[in-house]
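Right, one structure below, let's go through it.
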Amino acid sequence: MSTNPQASTGSQTQQKGILDKLLDFIEKYGNKLPHPITIFAILAILTIFVSAVAEMGGLSAEFERVVDGEVVTDDVEVQSLLSTEGIRMIFSDAVDNFTSFAPLGTVLVAMIGVGVADNSGLIQTVLRKIVMSAPNKLITMAIVFTGILSNIASNAGYVILIPLGAMIFLSLGRHPLAGITAAFAGVSGGFSANLIIGTLDPLLAGISQEAAQMYQEGYTVDPTANWYFMIASTFVVTFLGTYVTEKIIEPRLGEYKGSSEESIDEITENESKGMKWAGLSLIVYLIIVLALVLPSNGVLRADDGDIIDGSAFMAGIVPIIAVAFLIPGIFFGIATGTVTNDKDVAKQMGKSMSTLGTYICLVFVAAQFIEYFNWSNLGEIIAVYGGNFLETIGLTGIPLAISFVILAGSMNLFITSGSAQWGVMAPIFIPMLMSMGYSPEFIQIGFRIGDSISNLITPLLSFFPFILAYAQRYDEKIGIGTMISSMLPYSITFLIGWSILFIIWFILGLPIGPGASIYL
């Protein structure tokens, strides 16, 4: 490829191959999809009418479920939402459906702490520090790795690290677009990998729990359900992202000859002091938490002494995580001047909550759909027939797991909101695959892999316009095709690498998180 940035992008648009035509098709028709709120509203309305038709047709199914540890056989029939009981439920339970929707509370609580850490400047400063401290030979790896870690603060990495990746590469005489792709690969491709639990984990766990309880009453899915697999995934994604950047993307881009110059602000004395204060406060907080968990009679243990099953520690993991962000955020703010009194902390909490307005509206509509789907018994019946179909064609084990990953990735090309997509898939596939003996936690991993690998190549990603606009600062001729063609090698490589890890985990039967296994 030409080293001239203008020539490099122009050569990519001279002819369209099969892949380009496919991406054009996805972009054209994907852009016509309505907002996720509208999608859930349509699904809710469809559920109402489908339930009525199904009841008139006498649709039913016989299946086994687990109740109080025993397997019982149930015969379930469709309940019409247009019946007297159904109409009453639609109106009388609307508020309860919303307030009892598990992901809502977990996300709101987590964002209280994360919001303070973000708005005080702590998260941005830590990201800059990690990247700027890395040796030149490890800078690509540092950017990808930091991008993965940035996901603890939800979407902060898009706004902070992607511009930072371009600046760092340019300052080292490397192509800034390669810096953008490396950061993008870490932030978006690694959205389901991390060393610590972030805001997405309780959100997805809540949706999985709601769906799992359609099959097994009282089933709980903890935010840490995929933690062990995510830790391993962090290093796999970091290695693969680094390899693709240095061995495929940079040679393809060639030398950058643009004139744009960028500089990264050095860490100030106040910011350094703030990070020290934040670090010390976090250490003290973690010591207190460990003191409540590690002793055999620890307050946060279960009555039988278990740290995981039935413990207050696991039940309270979301507020524990929130406070782990809140306290360091406050101390950093005090040191740097972004927090001068309690009013500043309250404002920072409110600012983070103000970004969740659309999400809260989405939750209200999604909660209605899920409850309609659950109440009508359509989910259980579809799960039974779907599970029977998969067993009939013999698609089980590894082929089933990989097929589910690919299906999730394909759907994500059009529905890029992870929570929205999982809200649609979970009520169908979790009960279906649970009926075949797989745990909701394992099913959730398959979804997360598929979601992450296709985030990189869909122009419908909410942050895609931002990433494209930032790339055009360095070459105004860069277009959607340039970005997608640059990210496709990451997507394919991540799919292969993650699938191999997934298969190894499956064969060895390793636990995927604390108290979470592959099978029920």
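FYI, it's all coordinate maths here, none of it is from the lab. All figures in this text were calculated on a predicted structure; none of them were measured in a lab. Positions of Cβ are generated from backbone atoms using ideal geometry, with glycine treated the same way; all protein chains shown enter the neighbour counts.
Below is a table of values for the structure above.
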item	result
Charge sum, other residues only, whose C-beta stays under 15 Å from VAL345's C-beta, Lys/Arg counted +1 and Asp/Glu -1	0
Where GluC sites (Glu not before Pro) fall in DSSP loop in the stretch 224-317, at most 10 other Cβ within 10 Å	GLU261, GLU266
Debye-sum result for the stretch 115-256 in log10 I(q)/I(0), which assumes one identical scatterer on each alpha carbon, at q = 0.14 Å⁻¹	-0.65
Residue-span extension gain [ASN297 to ILE45] - 0.36 nm each, minus C-alpha spacing	85.6 nm
Gain on full stretching of the segment that runs from ALA315 to PHE239 - 0.36 nm per residue minus C-alpha separation	24.0 nm
Packing rank of 200-213, 468-481, where each peptide gets the mean count of other beta carbons within 10 Å, highest leading	200-213, 468-481
Greater than 28 Å apart at Cα, pairs in LYS137/LYS477; LYS247/LYS273; LYS129/LYS347	LYS137/LYS477; LYS247/LYS273
